[in-house]
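Report on one structure; see the data block that follows.
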Amino acid sequence: MIGLILRRTLAAIPVLFVVSIIMFLLVKLGPNPLEMMKQQPGFTSKDVSRLSKLNGWDKSLPSQYVYWAKNFFTGDMGTSWVQQRPVWSMISERLPLTLMVTGASMMLSLLIALPIGAYVAVHKYSRADYVATLSTFAMMASPSFFVALLLQLGALKLQDMNGGNLVFFTAGPPACVGGGDLLKVATSCLTTPIEVFRRLSLPIFALSILQIAGWSRFLRSELLGVLNADYIRSAMAKGLGGRVVFMRHAMRNALLPLVTIVALDVAGLFGGAVITESVFGLPGMGNLLLSSLGSMDVTVVLAIVMIGAVLVLIMTTVADILYGVLDPRIRVT
């Protein structure tokens with residue numbers, strides 16, 4: 001098992017190297033930040049020169065990549081030319097909230113999708129299966145931003161009806177209610193998993209809709225194929241109980257391809273958080289990315305995109321390791 005973990009981790013290093021080059025070149029195809037700074041009335045030539053040296057923009061393109069990559073992977077993500085602050089300090093303020101929303105969304109999606117997918121697979125063509133099929137198709141046809149807007153409108157209606165204050169659209173104690181800096185509100189209020197789900201329930205649910213629908217349908221399809229396999233019938237013929245056969249053989253094998261789907265959907269969750277956070281006004285990474293794109297702050301955009309790529313790569317590596325946990329044959333090969 002340790003050998004599998006080492007092999008998968010080492011294999012991720014060249015992939016991360018190639019991804020970093022592609023991301024760097026794609027961002028460099030955009031507007032030149034030096035030209036944009038020169039057009040701003042508040043910037044002097046000294047400011048332009050200072051920020052150019054801090055971010056390595058005064059070098060050739062290959063040297064810029066080497067300078068950026070060396071600094072990025074040692075924790076220095078450059079300096080924002082818009083806010084003139086270290087990029088990492090801007091991201092570190094907002095990353096925890098985004099991780100809370102996406103992590104809780106993934107947890108909620110799994111907790112709902114797995115039981116639904118398993119139940120409708122066992123009770124195929126039943127009334128519950130038809131209801132679940134209709135519901136999942138409706139959920140898959142509803143983009144997260146549309147669901148977020150509907151939930152937001154519903155929450156605001158409830159607020160008007162109850163005459164209460166809402167923090168992230170749910171009621172809370174006086175210390176957490178009211179306006180002010182949302183970052184401070186998030187830091188002071190979101191201290192436990194229960195608080196995260198309670199205060200961020202609407203954004204989490206809006207982000208989970210598509211995953212719940214897709215994962216439950218995928219698990220149903222996989223289980224229907226596994227339950228008709230010869231080894232399942234053989235296990236039943238040997239006298240094993242139906243629940244034992246289902247959990248130890250059918251469910252375990254059906255989860256293998258789902259692990260890959262869940263890992264790859266991290267990118268979709270991260271991208272969906274951009275829209276969801278903007279709809280709900282959450283001060284997370286998605287909000288920062290949109291504002292940075294609007295102001296063409298390429299240093300911040302490159303850092304956020306790379307963090308998303310690193311998260312996806314980490315999740316795919318974890319998925320490969322989980323393959324070995326679920327199927328011992330993969331450990332051997």
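Numerical summary
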{"read-out": "Residue 102 vs. criteria among the polar types (S, T, N, Q), closer than 16 Å to residue 308 by Cα and in contact with a Gly (Cβ under 8 Å, 6 or more places away or on another chain)", "value": "no"}
{"read-out": "Any pair with Cβ under 7 angstrom, 6 or more apart, that starts in segment 37-51 at a residue that is free of Cβ contacts under 8 Å to residues at least 40 places away in the same chain and ends at one that is of a type in the set (S, T, N, Q) and outside any helix (DSSP H, G or I)", "value": "51/79"}
{"read-out": "Listing of helices (runs of 4 or more DSSP H) fully contained in segment 228-286 that carry 2 or more residues being surrounded by fewer than 18 Cβ atoms within 10 Å (Cβ to Cβ) and either under 25 Å from the mean Cα position of the chain (by Cα) or hydroxyl-bearing (Ser, Thr, Tyr) (or both)", "value": "230-237, 251-280"}
{"read-out": "Where a residue in segment 64-78 is assigned to a loop (DSSP other than H, G, I, E, B) and its partner, wherever it lies, is among the hydrophobic types (A, V, I, L, M, F, W, C) and surrounded by 15 or more Cβ atoms within 10 Å (Cβ to Cβ), with Cβ under 6 Å and at least six apart", "value": "77/87; 77/88; 77/303; 78/87"}
{"read-out": "Check on residue 109, of a type in the set (Gly, Ala, Ser) and either within 25 Å of the chain's Cα centre (by Cα) or closer than 30 Å to residue 209 by Cβ (or both)", "value": "yes"}
{"read-out": "Test: residue in segment 81-101 that is in contact (Cβ under 8 Å) with a residue 60 or more places away in the chain, touching a strand residue (DSSP E or B) at 6+ places or on another chain (Cβ under 7 Å), surrounded by 15 or more Cβ atoms within 10 Å (Cβ to Cβ) and assigned to a helix (DSSP H, G or I)", "value": "yes"}
{"read-out": "Flag if residue 274 is in contact (Cβ under 8 Å) with a residue 12 or more places away in the chain and touching a Phe, Trp or Tyr at 6+ places or on another chain (Cβ under 9 Å)", "value": "no"}
{"read-out": "Condition broken by residue 17, with the remaining ones in (1) part of a helix (DSSP H, G or I); (2) touching a residue at least 40 places away in the same chain (Cβ under 8 Å); (3) surrounded by fewer than 13 Cβ atoms within 10 Å (Cβ to Cβ) satisfied", "value": "(2)"}
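Values quoted throughout were computed directly from the atomic coordinates according to the rules given, and no laboratory measurement underlies them. A quick note: this is a predicted structure, and the numbers were derived from the prediction, not measured. Neighbour counts run over all protein chains shown; Cβ positions are idealised from the backbone, glycine included.
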